[in-house]
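Laboratory data are not the source of any read-out in this text; all were calculated from the coordinates shown. Worth saying up front: this structure is predicted, and the values here are computed from it rather than measured. Using ideal geometry, Cβ is built from the backbone for each residue, glycine included, and neighbour counts are taken over all protein chains shown.
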Number of protein chains: 2
Amino acid sequence: MSKIYIVGVGLTKIGRFFDKGLRELFAEAASKALEEIGNENVQALIVGNMMSSSLSEQDNLGALLADHAGLGKIPAFKVEAACGSGGAAVYTGYSLIASGLFDVVMVGGVEKQTEYPTRIVSKALAQAADAEYELFYGISFTGLNALIMRLYMDTYNVSRDEMSVWPVLMHKNASKNPYAQLRFEVTKDQVAKSIVIADPIRLLDSSPIGDGAAALILASEKVARKLSDTPIEVAGIGMATDHIYVAYRENLLSLEATVLSAKGAYRMAKIEPKDIDVAEVHDAFTVLGFINMEDLGFSERGKTPKLMDEGRFWPGDKPTVNPSGGLKARGHPVGATGVYQVAEVAMQLRGDFPGIKVEGDVGLAQSIGGLGTTVTTLVLKR
Amino acid sequence: MSKIYIVGVGLTKIGRFFDKGLRELFAEAASKALEEIGNENVQALIVGNMMSSSLSEQDNLGALLADHAGLGKIPAFKVEAACGSGGAAVYTGYSLIASGLFDVVMVGGVEKQTEYPTRIVSKALAQAADAEYELFYGISFTGLNALIMRLYMDTYNVSRDEMSVWPVLMHKNASKNPYAQLRFEVTKDQVAKSIVIADPIRLLDSSPIGDGAAALILASEKVARKLSDTPIEVAGIGMATDHIYVAYRENLLSLEATVLSAKGAYRMAKIEPKDIDVAEVHDAFTVLGFINMEDLGFSERGKTPKLMDEGRFWPGDKPTVNPSGGLKARGHPVGATGVYQVAEVAMQLRGDFPGIKVEGDVGLAQSIGGLGTTVTTLVLKR
């Protein structure tokens, strides 16, 4: 298979933008990415998005955004895998170039949530779970994560205080990231005293609701160096799924789709977890951050909170985790998040991420849809 | 680029199934397709669907369906391009094999509409148009098509009686198709006297609301002949988009995305329109059937109704159009329709379509999302 490169990235700040809809947000990210490649022609557009159908009454999003971003009458469509839509869109874009159909493809992600009341957004987010076997009985998506947080803390004997290191580090990292939604630091005490969302998950264990858009430009080996002086190679890419109905899972403290997708990406890139310098992992809730670090092979089961409390995975360590601030504090514009992560890791390897900088040649990005139901893992190399 | 083949197909009957949800419908189609290849392992699943988000409160559809169809923890996600979702899913599946990532990929399509009141389904269907520039002002999707039907009849001086040949032929063809939703014949008089939906569109000019699922198995050249004695080659594939906002179009009597996507498919397959023996084209409304025949190069502008009235495009002619009965009478389970069309053409070329049979070696399938906003065209060869 020929090599595929990231040759352009563009991000919007994540936040509440009452004056910007899906098309305005996406055009902002797309135009930044296009500027990086000198407005060269893009041949196809793949968009990761979860909620335009359920919240914004808008389908046919690929064509709409291609038109509004001025990309012309190119092939364009939307890819949906709940919160993992961004990763699935990158996967699709990768295959469109690897197939030989195109040399230059834009992969975008966009989400618009803040115009709607929280209860409507929560209901739309819950569509990542099984509508007939789970939601029908009244559990929320946060409720499912709360069951897992309690099990993690009980099984590994981890205290509330120890769990709180995740949001503390994420907010600290995000405070330096100009694209982040929550640019303020928090203390363990503030996390523990924030309001309960679904016990034991508290407000500061949860990623915020926000709007945002991200765009990547992928290119074939043939044209990558013409379009960028600092192309970043997609050295490995893996995807896997799991039972959407959580009660079918054999183990709630490991997300098998993460393990499988990471194995695929590591094999393809011919690397091991210890080779990775910087990682952007999925942490919609505190407990998922820890479980993902363990499933990706960065840490032993149940040990991550204590290790992180001792300074492991902070800036300066290898790997540095979520220098962006993660979903927790950079924000989680659902279908766009997976594209943000890949863009951020690419910028780290190029050396121009405008927040906390990580030295290194190898990075990882992990995009999850649902409770580990659909996972895409990428390994990028400078 | 290496050759890609269709090695298995499975369809459900289209209709109102109050006892079957998305997962049951899809599993039925998937298991039929799997039987055709001897239940060999499928390595990835791509699902075309428009309305699971807006009607069924279900996202993460790829993983859900892979799980329920017993495909295991394989890469899986949904592709959305409104009513053209099925075509876009086939396009994605094609690229996943052409890329070398996989040898065997299932492409599915599924839609579940009949559980909901018609006004809710109509609203969900209208999301194929521009929510902010069109729907906000109150026009329905049928309303947009009605404007075009009136313009077509006025510009080319076509009478109501002449337009009615399309539904007459479609219902006649569908009456022989065991998978079709509307298996009864209609007369021109019945079409002209059916109730007005959006003047001049009448009930019998419109495709019905229905549930259905379709599955295709695509395979690489390496494995195709091991899995099927009658592999059908995807000889050409093209996709294009257009302004979603119809007022931006230069010409309302031609869908430029059809012209562009067909040009791409013809070039890749090294054929011309006259080489095609059988075509399944998009005819959500009568006028779209005629315009598509013209944009695909089968007929001159404005001449199709009269030609068809004289027997052109009926069974026995080349090309025979919509031997399935088309969207009009086979039915239009939105996101699944594009997959049905490809499966039907593949069965025609294999010689085992269980309705009207067409002799020949070359077929075409055309999948449209919105009012010609996203179009995928495929050329298949025996």
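Close amide H contacts of residue A:44 (hydrogens built in the peptide plane, cut-off under 5 Å, sequence separation of 5 or more or a different chain): A:106. Most fluctuating residue of B:178, B:117, B:231 in a GNM of chain B with Cα springs under 10 Å: which is it? Maximum among the listed residues: B:117.
Need one word for the protein assembly as shown: rounded, prolate or oblate. Basis is the Cα gyration tensor (sqrt eigenvalues a ≥ b ≥ c); a/c below 1.5 gives rounded, then a/b vs b/c decides. Cα axes put the protein assembly as shown in the prolate bin.
Look at B:85, A:206 and count the other Cβ atoms within 10 Å of each Cβ; fewest to most, that gives A:206, B:85.
The GNM of chain A, with springs linking C-alpha atoms under 10 angstrom apart, assigns the highest mean-square fluctuation among A:30, A:198, A:257 to A:198. Cross-link check: pairs A:3/A:357; B:13/B:176; B:172/B:328; A:222/B:3; A:193/A:357 evaluated at a Cα-Cα cut-off of 20 Å; pairs beyond the cut-off: A:3/A:357; A:222/B:3; A:193/A:357. Each Lys and Arg Cβ is given +1 and each Asp and Glu Cβ -1; about its Cα centre, the stretch A:291-378 then shows a dipole of about 160 debye.
Can you give the local net charge around residue A:202? Use residues other than it whose beta-carbon is closer than 10 angstrom to its beta-carbon, Lys and Arg +1, Asp and Glu -1. Net of charged neighbours comes to 0.
Multiplying the residue separation of residue A:254 and residue A:221 by 0.36 nm and subtracting their alpha-carbon distance yields 8.3 nm. Of all DSSP bridge pairs formed entirely within chain A, close to 70 percent run antiparallel. Between rounded, prolate and oblate, where does the stretch A:170-235 land on the alpha carbon gyration tensor, with a ≥ b ≥ c its root eigenvalues, rounded for a/c under 1.5, else prolate if a/b exceeds b/c? Prolate.
Bridges between two residues of the protein assembly as shown, per DSSP, are antiparallel at a rate of about 70%.
Comment: the Cα-to-Cβ extended label point of residue B:100, at 7 Å, lies 1.0 nm from its counterparts in the other copies, nearest first. Expressed as a fraction of 2.2 N^0.38 Å, the C-alpha radius of gyration for the stretch B:105-240 is 1.36. Diagonalising the gyration tensor over the Cα atoms of chain A and scaling each eigenvalue by 5 before taking the square root yields semi-axes of 30, 23, 19 Å, largest first. By other beta-carbon atoms within 10 Å, ranking A:3, A:112 with the fewest at the front produces A:3, A:112. Over all other residues within a Cβ to Cβ distance under 11 Å of residue B:372, the charged ones net out to -1, with Lys and Arg as +1 and Asp and Glu as -1. Per-residue ellipticity at 222 nm computed for chain B from its helices equals -11000 deg cm²/dmol, with DSSP H segments shorter than 4 residues left out and the rest contributing -39,500 (n - 2.57). Is the C-alpha gyration tensor of the stretch A:269-382 telling us rounded, prolate or oblate? Criteria: a/c under 1.5 is rounded; beyond that, a/b larger than b/c is prolate, otherwise oblate. Verdict is rounded for the stretch A:269-382. The residue A:137 and residue A:203 beta-carbon pair, evaluated with R₀ = 25 Å, returns a calculated FRET efficiency of approximately 0.50. Straight-line reach from residue A:274: taking Cα to Cα under 12 Å and skipping same-chain neighbours fewer than 8 places apart, the aspartates and glutamates in range are A:317.
Taking a sphere under 13 Å around the Cβ of residue B:185 and counting the other residues whose Cβ falls inside, with K and R at +1 and D and E at -1, yields a net charge of +4.
Between the C-alpha center of the stretch A:324-365 and that of the stretch B:239-275 there is a gap of 38 Å.
Give, as ranges by residue number, the residues of the stretch B:234-268 whose backbone N falls under 18 Å from the point 7 Å along Cα→Cβ of residue B:300. Residues B:254 fall inside that zone.
Listed from fewest to most Cβ neighbours within 10 Å, the set B:332, B:68, B:243 follows the order B:68, B:243, B:332. Across identical copies of the chain, residue A:137 has label-point separations of 4.9 nm, listed in ascending order, with the point defined 7 angstrom from Cα along Cα→Cβ.
Checking every one of the GluC sites (Glu not before Pro) in the stretch A:205-268 against DSSP loop status and a limit of 15 other Cβ atoms within 10 Å picks out A:250. Inter-copy label distances for residue A:118: 4.1 nm (label point placed 7 Å from Cα along Cα→Cβ; shortest first).
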